[in-house]
Amino acid sequence: MEQLEPTLAAIAGADTIEAVEALRVAALGKQGWVSALLKSLGAMSPEERTSTGPRIHAAREAVTAALSERRASLESAALEAKLAAETADLSLPAPAAPRGSVHPVSQVMDELAEIFADMGFAVATGPEIEDDWHNFTALNMPETHPARAMHDTFYFPDKDAEGRSMLLRTHTSPVQIRAMLSQGAPLRVIAPGRVYRSDSDATHTPMFHQIEGLVIDKGIHLGHLKWTLETFLKAFFERDDIVLRLRPSYFPFTEPSVEVDVGYTLVNGKRVVGGGGDVPGGGWMEVLGSGMVNRKVIEFGGLDPDEWQGFAFGTGVDRLAMLKYGMDDLRAFFDGDVRWLGHYGFGALDVPTLSAGVGARA
Ligand code: PHE
């Protein structure tokens, strides 16, 4: 029993959980001195057992109590140290979860598809690598037509199997021809997509986006065109005070051709679409090219122009995005700068719907 005092002293002085465990094994383990004493009880005479037994049990209890007390105090000291070392400043903002955003061009194309779907337009597509027949000839621009030179076209060095020059389409108008040839009449389509011209400054990039609209039916006239554009622009800019000015113009594929200006108002020196026009503080800006589809184009589309008429329009998607969301440099659209995308991009759940508003931002 002479081991009791040194054991208790050693337990009180143990400074790690491992040291406490080693002392437990030395005293209470199978080979421990307390266990050995307990085993010796069996060989004792009843008198001896009565006098020694309680002292052995008392020693065991004293060692057990000392061990658990020391263990508890070492554990709480370890916890204190951990709490002192680790800090969490709950006043800091939550770290930003990494996320992508929807590019304004994609968003605006979705908005346009939604608006025109509501007016019964389907989406049509055509290739970006086009031939000069679809891009020019069938749109009433024969080889010698001066308008061809105005398009700053990117040509490929080789011709296709039918001897047609291949190029990057300079506008979405060739989709008019493809839609008429593949779907016939009546027809109501929009064709959003990439187009290419050899041109580059703050408002022109070699690749940009257009949306084409085409309606072919019986008895179509300019009134249908004006109503459609007015309805579209009101829905797109989400304002009822949209005013339009139709100006006579020229495109080889429409006759008559109409350039469409929309009224703007100056707000803090910036042009904002809506109101304006011929009033003080207002003005006009061009937003669309359009017109009644040229008879020759309807023929190239495989339809009889005495039976079918139509209107077409085309406009820049990037420009529409700039006018609606306020960017002022087109080049930034195609830089892929995540800071620009973070600022002007849209959340994946900002799906444009007519019921919630085509320009709704979460
Ligand atoms: N394709 C013309 C352009 O790129 C726009 C347009 C389309 C004009 C349809 C009239 C009709 O400028």
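What follows draws every value from the coordinates through simple rules; no lab data is involved. Bear in mind that the values here come from a model prediction, so they are computed numbers and not experimental data. Heads up, the Cβs are rebuilt from the backbone with ideal geometry, glycines too, and the neighbour counts pull from every protein chain shown.
Put a plus charge on the Cβ of each Lys and Arg, a minus charge on the Cβ of each Asp and Glu, and nothing anywhere else: the dipole of region 174-278 about its Cα centre is then about 200 debye.
The C-alpha radius of gyration of region 104-344, expressed as a fraction of 2.2 N^0.38 Å, stands at 1.02. Residue-wise HN-Hα couplings along region 315-329, as the Karplus relation 6.51 cos²θ - 1.76 cosθ + 1.60 with θ = phi - 60° gives them from phi, are 7, x, 5, 4, 5, 4, 5, 4, 5, 7, 10, x, 6, 10, 10 Hz; Gly and Pro carry x. Against the longest alpha carbon principal axis of the chain, how many degrees, from 0 to 90 and to the nearest 10, is the axis of helix 222-237 turned? Orientation of helix 222-237: about 20 degrees from the principal axis. Between the residues Ala10, Ser51, Leu74, the greatest Cα displacement towards the positive end of the dipole of region 4-81, with unit charges on the Cβ of Lys, Arg, Asp and Glu, is found for Ser51. For region 97-141, the Cβ-based charge dipole about the Cα centre amounts to some 200 debye (Lys, Arg positive; Asp, Glu negative; other atoms uncharged).
Per residue of the chain, the DSSP helices (runs of n ≥ 4 H) give a summed -39500 (n - 2.57) that works out to -12000 deg cm²/dmol at 222 nm.
Across Glu286, Glu143, Glu47, mean-square fluctuation computed from a Gaussian network of the chain (C-alpha pairs under 10 Å connected) peaks at Glu47. Local charge for Arg295 was computed over the other residues whose Cβ lies under 10 Å away, with Lys and Arg +1 and Asp and Glu -1, and equals -3. Among the trypsin sites (Lys or Arg not before Pro) in region 219-295, those placed in a DSSP loop whose Cβ has at most 13 other Cβ atoms within 10 Å are Arg239. Between Pro192, Pro46, Pro206, the GNM of the chain built on Cα springs shorter than 10 angstrom shows Pro46 fluctuating the most.
Considering only Ser35, Ser101, Ser198, the mean-square fluctuation computed in a Gaussian network model of the chain, springs between alpha carbons under 10 angstrom, is largest for Ser35. Convex hull volume per residue, computed on the Cα atoms of region 99-220, equals 157 Å³. Here the chain is treated with +1 on each Lys and Arg Cβ and -1 on each Asp and Glu Cβ, and its dipole about the Cα centre works out to around 640 debye. Sparse packing (at most 12 other Cβ atoms within 10 Å of the Cβ) combined with a DSSP loop state is found for the following trypsin sites (Lys or Arg not before Pro) in region 1-65: Lys30.
Of the residues Leu266, Leu92, Ile190, the one whose Cα sits farthest toward the positive end of the charge dipole of the chain, with +1 on the Cβ of Lys and Arg and -1 on the Cβ of Asp and Glu, is Leu92. Please give the residues of region 76-92, grouped as numeric ranges, whose backbone N is less than 19 Å from a label point set 7 Å along the Cα-to-Cβ vector of Thr16. Residues 76-82 qualify, since their backbone N sits under 19 Å from the label point. The value obtained for region 4-81, namely the Cα convex hull volume divided by the number of residues, is 69 Å³ per residue.
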